[in-house]
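All remarks here apply to the structure that follows.
The values are calculated or read from the model by the stated rules, or taken from the named source; none is laboratory data. In this text the structure is predicted, and so the values were computed from the model without any measurement. Neighbour counts are summed over all protein chains in view; Cβ atoms, including those assigned to glycine, are modelled from backbone coordinates with ideal geometry.
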Amino acid sequence: MKLCKQRQSKNSVLILTSLAVLASPLVLPLQQASAQTLTTVVNFNGTNGAAPRAGVLAGKDGNLYGTTSEGGSQNRGTAFKLTGSNFSTLTTLVNFTGTNGTNPVARLFQASDDNLYGATFTGGTNNLGTLFKLQKPTFTNLTTLLNFNGTNGANPAGRLISDSDGKNLVGITSAGGVNSRGTVFRIPLTGGVPTILVNFNGTNGATPLARLQLGSDGNYYGSASAGGATNNGVVYKLTPAGAITSYNFSGANGRNPRSALIESDKFLYGTSFLGGASNRGAIFRFPLGGGTPVLVASFNGSNGANPTAALTKGRDGNFYGTTSTGGANNKGGIYRLTPEGTLTLLFSFSGTNGATPESTLIQLADGAFYGTTSAEGASGRGTVFKFTP
């Protein structure tokens, strides 16, 4: 997820799209699992969307919702709904036109008012991106809440979240702000003038590409893909009042984080696009409250490479995720990480069933995980898939 044209490029793999802090990296055995079951739910063909770089959202109505960064009637992206017992019926909710936004790369978010909220990376009045609302119950009526103008941020790439009282949206922009390095902002569900909580300046991070995580301690946690002491990126803690503390990556413990963080057992876990033992990406963690990231696992190509998606905590207690490259065909894969630190490649994409998964998985009540690939599939324009481990 670097920036606009790169993010839109099919070959730009992804810019677009417990107890105590470990004192030293874990030594992790690599296991290759037996064959798993992956079913293609939707093949995008351009007309119904293309290049989905965000994952799908499980709506409160039991349907799945998502966006594509390209395709649709104007080839500027779409918002869609998946229905039916196997979610294979696709309905296009919105065709982005440029005026109402272009190139949505962030996952949709359903707020306390049950409307869907999202962001487009470009388009809008200034071609710097927008925030939008899809009005319940049909989600076909789009309202633009904000046109980014550079001063208030530009090019939002990460999903929106709610603040603690559910009345405001909190998000990031990957560019813009006082220093043109990105921002963290807060805006009411009804829209209006955003409050800028952070202007990234390089020292405290730059180019954030993933959503924030509201921690159980009431603070926000996030990552920035660049900046910091060695320009390898940072993770940071942000108080609701806007005080930021950043922690640096060294390369050995990860580099260029592009994923959101998740909280588990008083730690924050995340992935980095580069860095680790083979400079093919890493999984790291740091304690709730802040601290230097500690290496948990390294990707080496054969077990996957270049993750841009956050981890997902499965119902079985293990973590699951995707890598955008690597695996048996160098087209990306799905992996599992146990709490004990065993990293297992579960599935390698072949191209026919999709390639370049950039999005975070979700697990539904049937135990299966759902996600997207931004490339290939039957029509070469990406897929939605169901994966049963």
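Among the residues of the range 71-103, those that are farther than 11 Å from GLY123 by Cα and of a type in the set (Phe, Trp, Tyr) comprise PHE80, PHE87.
Yes or no: the range 80-87 includes at least one residue that is surrounded by fewer than 24 Cβ atoms within 10 Å (Cβ to Cβ), β-branched (Val, Ile, Thr) and either within 12 Å of PHE132 (Cα to Cα) or modelled with pLDDT under 95 (or both). Checking the range 80-87: not a single residue is surrounded by fewer than 24 Cβ atoms within 10 Å (Cβ to Cβ), β-branched (Val, Ile, Thr) and either within 12 Å of PHE132 (Cα to Cα) or modelled with pLDDT under 95 (or both).
Filtering the range 234-278 to residues that are aliphatic (A, V, I, L, M) and either touching an Asp or Glu at 6+ places or on another chain (Cβ under 9 Å) or buried (at least 24 other Cβ atoms within 10 Å of the Cβ) (or both) leaves VAL234, VAL235, ALA260, LEU261, LEU268. Scanning the range 45-64 for residues that are closer than 29 Å to THR344 by Cα and not β-branched (Val, Ile, Thr) yields ALA51, PRO52, ARG53, ALA54, GLY55, LEU57, ALA58, LEU64.
Does THR190 fit the bill of being out of contact with any strand residue (DSSP E or B) (no Cβ under 7 Å at 6 or more places or on another chain) and modelled with pLDDT under 95? In short, yes. Which residues, counting only those in the range 316-350, are in contact with a Ser or Thr (Cβ under 6 Å, 6 or more places away or on another chain) and of a type in the set (Val, Ile, Thr)? If the condition is that a residue be in contact with a Ser or Thr (Cβ under 6 Å, 6 or more places away or on another chain) and of a type in the set (Val, Ile, Thr), then ILE334 is the only one that fits.
Screening THR292, THR325 for residues that are of a type in the set (Ser, Thr, Tyr) and closer than 23 Å to GLY66 by Cα leaves exactly one candidate, THR325. If you go through the range 273-309 and keep only what is closer than 16 Å to SER246 by Cα and of a type in the set (Ser, Thr, Tyr), you end up with just THR292.
Name every residue in the range 127-167 that is β-branched (Val, Ile, Thr), farther than 28 Å from GLY218 by Cα and either at pLDDT below 95 or touching a Gly at 6+ places or on another chain (Cβ under 8 Å) (or both), in order of residue number. Spell out the reasoning first.
Residues of the range 127-167 that are β-branched (Val, Ile, Thr), as a first pass: 130, 138, 140, 143-144, 151, 161.
Narrowing the set further to residues that are farther than 28 Å from GLY218 by Cα leaves 138, 140, 143-144.
Residues satisfying the conditions are THR143, THR144.
Only residues that are under 26 Å from ALA210 (Cβ atoms) and hydroxyl-bearing (Ser, Thr, Tyr) were counted across the range 88-118, and they come to 3. Looking only at the range 321-337, which residues are closer than 21 Å to VAL56 by Cβ and crowded, with 23+ Cβ neighbours inside 10 Å? Matches in the range 321-337: GLY321, THR322, THR323, SER324, LYS331, GLY332, GLY333, ILE334, TYR335. So, of the residues in the range 315-355 that are outside any loop (DSSP other than H, G, I, E, B) and hydrophobic (A, V, I, L, M, F, W, C), which turns out to be farthest from ALA297 (Cα to Cα)? Among them, the one singled out is ALA355.
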